[in-house]
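Single-structure report; data block below.
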């Protein structure tokens, strides 16, 4: 693994994608994702897509009717993707879809899709009219990209992201990337040297880039890079790099070969 980040320090012209896992605290008594949690994920992605596109402070004005076609179940991977589809002078629409993915089988189900209208707050720094609808680039299939935003509860008294929260994000990215590669039950066996190169501030967007660096019969090494992006200026910088070893295990916790090895 080199010290060179595996992502472009220029913001990619690609949809904004949040990838998460359905944990027990996010489910109802049926073991499926709460609708409110799904809507929160979708609104967050709409905000990030709007902010990255318009480089302004946005607020959600409305959302169209959202129908839930399929449930996301406990343990599923949920992938929430947002694309800017309409742009006005100071408002825009973001289409957001939420897909559930069974980790081991890879089965994917479209759970819901919705359109959110966001309006740029007309302060002294906003530039109007907003840029036109973007033409999105084709994304590489061998790299997992996922975004999030840093909230006050995740920061220290210096207003920067706790190292532990950054490690949690990077570990989750490694788990998802290794699971998609192996289609097995994956656990973290080791984390190699982790370098933090820049603090991440409250309100910044973080983008994680995870990629398979080496694969064996039952283990895989995942390189994870973390970038921070100022949503108003677009300034982007490398923040952290890590390498994780993930192992496929059976029901007894023993290492077992996987089909991707």
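The values are calculated or read from the model by the stated rules, or taken from the named source; none is laboratory data. Just so we're clear, the structure is a prediction, and the values are computed from it rather than from any experiment. Positions of Cβ are generated from backbone atoms using ideal geometry, with glycine treated the same way; all protein chains shown enter the neighbour counts.
The residues on offer are 114, 106, and the sole one that is over 13 Å from residue 16 (Cβ atoms) and exposed (fewer than 14 other Cβ atoms within 10 Å of the Cβ) is 106. Determine whether the range 148-155 contains at least one residue that is surrounded by 20 or more Cβ atoms within 10 Å (Cβ to Cβ) and over 16 Å from the mean Cα position of the chain (by Cα). No, that holds for no residue.
Quick grid of which residues meet (1) closer than 29 Å to residue 91 by Cβ; (2) modelled with pLDDT of 95 or more:
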site: 7; (1), (2): no, no
site: 10; (1), (2): yes, no
site: 17; (1), (2): yes, yes
site: 35; (1), (2): yes, yes
site: 50; (1), (2): yes, yes
site: 55; (1), (2): yes, no
site: 72; (1), (2): no, yes
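Against the conditions (1) assigned by TED's automatic domain parsing to the domain that holds residue 171; (2) closer than 19 Å to residue 22 by Cβ, residue 145 satisfies every one except (2). Pairs linking a residue in the range 52-68 that is outside the structural domain of residue 111 (by TED's automatic domain parsing) and at positive phi to a residue that is crowded, with 18+ Cβ neighbours inside 10 Å and not in a loop (DSSP other than H, G, I, E, B), with Cβ atoms under 7 Å and 6 or more positions apart or on different chains, do not occur. Counting only residues that are touching a strand residue (DSSP E or B) at 6+ places or on another chain (Cβ under 8 Å) and within 20 Å of residue 246 (Cβ to Cβ), the range 148-186 holds 19 of them.
For the range 202-215, the count of residues that are surrounded by 15 or more Cβ atoms within 10 Å (Cβ to Cβ), without any contact (Cβ under 8 Å) to a residue 60 or more places away in the chain and more than 20 Å from the chain's Cα centre (by Cα) is at least one. The residues on offer are 224, 247, and the sole one that is modelled with pLDDT of 95 or more, within 18 Å of the chain's Cα centre (by Cα) and buried (at least 22 other Cβ atoms within 10 Å of the Cβ) is 224.
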